[in-house]
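Let me begin by presenting the structure, written as structure tokens, before commenting on it.
What follows is calculated from the coordinates using simple rules that are stated; it is not laboratory data. For clarity, every value in this text was computed on a predicted model and none was experimentally measured. Every residue, glycine as well, gets a Cβ built from its backbone with ideal geometry; the counts of neighbours run over all protein chains shown.
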Amino acid sequence: MTAPRRTEPRIVIIGAGPTGLGAGYRLQQLGHEDWVILEATDRVGGLATSFTDEAGFTYDIGGHVMFSHYDYYDDLVDKLMGGDYTELQREAWVWMEDRFIPYPFQNNIRDLDPQTVFDCVNGLIKAQREDKPFSNFKEWVDSVMGAGIAEHFMIPYNFKVWATPAELMNFVWIGERVSVVDTESILRNVILREDQVSWGPNNTFKYPLRGGTGYLYEGMRTFVEDHLELETPVASVDPVAKQVRTADGRTWDYDVLLNTMPLNKLIERTDGAPAEVAGAVDGLHWSGSHIVGVGVDRQADTSKNWIYFPEPDVPFYRVTYLSNYSPYMTAKPGQTLFLTETSQSHHKPEDASTIVQRVIDGLVSTKLMEEADRDLVVTTWLCSPEMSYPVPSVTRDTALGTIQPWLRSQDIWSRGRFGAWLYEIGNMDHSAMQGVEFVDAVLEGKPETVWIPRGEGEAGAGIR
Ligand SMILES: Cc1cc2nc3c(=O)[nH]c(=O)nc-3n(C[C@H](O)[C@H](O)[C@H](O)COP(=O)(O)OP(=O)(O)OC[C@H]3O[C@@H](n4cnc5c(N)ncnc54)[C@H](O)[C@@H]3O)c2cc1C
């Protein structure tokens, strides 16, 4: 006979990134007492952490823009930031063919080389006439946007972001992440010269006045401090004994486990995972990054927020003018902070030892920096997370459909950017809300709305 379920389940949370902190925040809000967050590093915030270097410049791990789909998260952000934030209008651009065009590319092609404009319009018209079926992201791009937009922007740009060939990716993540173009919009842009720059969910956004994005998660830390174990990496999980073992040899009993570390690493550390579950992790793919910051001792000459780079001659796919987000990101007023993102994977290796120099050369060749600015560089910063993007690969959903139901049968919930391995719900607001909704589901039986079951046999498994 199994013991009756406790009314106050013991909850162990692996990871103090936005997902784990969201869960912890909600647990304290509901007055639940029996829980702990085990965090491997000496800080909170995970990939949403910020760092200030000795020169006094503050960096995020890649440009983090705060926008939200959820009232609960908005209220939390307001509570944590008070009035200490800036509110910005998105000014996103694409640099290609030696010029800037407004983002999103596919709605704003009018100023490109006439041959490029012709290829894009002609390709779109042909694609819409043919209406070809598609089974991966490459075919989706060809079918929906046509060969011209695919060749000039979508395929090279997405390879730079994902470090993964488009034919190895699925298309279910697209939703609000990719602006789909229609013939009328493109003709309006080309013939009537109308720009369309307001597309997307993040066209206005808030940013903390001081401390970067990580400021927000430092703020959440105060609500979970009494239940937080830093520098306590989880070494293994025993789902039969319902026990987590940490690298320091301690054990932590649980009734319900929330995992936010990468799903493949959780399975590697879980005792007795069935062979098909252990094998399914081969279907999970990811890319890593080199995030390089460059601080320059001169005023930025633009109000741009960030710029996308589809062409292969520079390593980065995106550069953020972080100093335009808040005047406190630099050591002194009147300085510029560029934050650049370069992806890497075995499909696209990027040498760490040369990346900072290649980034500076790229900033000069794309005219973001003048040649003379090289002498004004006062600081550089490099951070190279091994895992930064959970790739929506064609094999992902089958893998998740095998792994997630088994974990749930063991009272293990795996949520968050790499815990759920779902890029489409991999932003900070999605992640924090997955943590909040985990708690509401476990303690109050409420259905999750953010996390989406994917893959065979998963339907209906989202509710405890
Ligand atoms: C380059 C880049 C740009 C981004 N831009 C944006 C943006 O503009 N807007 C936005 O909303 N989001 C953005 N994001 C996403 C954002 O960073 C994530 O949504 C968020 O950090 C995910 O939170 P998480 O808690 O799920 O995971 P993570 O942040 O990865 O946190 C997981 C935590 O688990 C810990 N951990 C791992 N293994 C163990 C272990 N064995 N034991 C204990 N702890 C462990 C880690 O140390 C970490 O603290 C971006 C991400 C990247 C990489």
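What angle, in degrees between 0 and 90 and rounded to the nearest 10, separates the Cα long axis of helix 137-149 from the longest principal axis of the Cα atoms of the chain? Rounded to the nearest ten degrees, it is 10. Legend: ranking of residues Phe137, Phe338 from fewest to most surrounding C-beta atoms inside 10 Å; resulting order Phe338, Phe137. Amide H to amide H distances under 5 Å link Thr86 with Tyr207, Leu209, where only residues 5 or more positions off or on other chains count and H is placed in the peptide plane.
Which semi-axes, in whole Å and largest first, does the equivalent ellipsoid of the stretch 46-143 have when worked out from the alpha carbon gyration tensor as the square roots of 5 times its eigenvalues?
38, 20, 14
Compared with the dominant principal axis of the Cα atoms in the chain, helix 214-224 is inclined by about 10°. Each Lys and Arg contributes +1 and each Asp and Glu -1, all at the Cβ; summed about the Cα centre of the stretch 286-389, the dipole is approximately 280 debye.
The angle between the Cα long axis of helix 71-81 and the longest principal axis of the Cα atoms of the chain comes to about 80 degrees, rounded to the nearest 10.
Distance cut-off 25 Å, Cα to Cα: go down the list Lys138/Lys367; Lys160/Lys206; Lys265/Lys446; Lys138/Lys348; Lys265/Lys348 and report the pairs above it. From the list (Lys138/Lys367; Lys160/Lys206; Lys265/Lys446; Lys138/Lys348; Lys265/Lys348), the Cα-Cα distance tops 25 Å for Lys138/Lys367; Lys160/Lys206; Lys265/Lys446. For the stretch 101-191, a/c is not less than 1.5, where a ≥ b ≥ c are the root eigenvalues of the C-alpha gyration tensor, and a/b tops b/c. That puts it in the prolate class. Taking all C-alpha pairs of the stretch 286-389, those more than 22 Å from each other amount to 26 percent. From the P(r) of the chain, could you give the percentage of C-alpha pairs in the tail past 30 Å? Here the long-distance tail beyond 30 Å is 48 percent of all Cα pairs in the chain. DSSP beta bridges confined to the chain are antiparallel in about 75 percent of cases. Computed over the alpha-carbon pairs of the stretch 157-258, the distance histogram in 5 Å steps reads 2, 8, 9, 10, 10, 11, 13, 14, 9, 4, 4, 4, 2, 0 percent, short to long.
Do you know the relative contact order of the stretch 286-389, to the nearest whole percent, from alpha carbon pairs under 8 angstrom that are 6+ apart? Dividing the mean separation by the residue count of the stretch 286-389 yields 45 percent. Between Glu229 and Gln115, the simple label model (points 7 Å from Cα in the Cβ direction) yields a spacing of 6.3 nm.
Would you mind counting up the charge near His347? Only other residues with Cβ under 14 Å from its Cβ, with Lys and Arg at +1 and Asp and Glu at -1. That sum, taken over residues with Cβ under 14 Å, equals +1.
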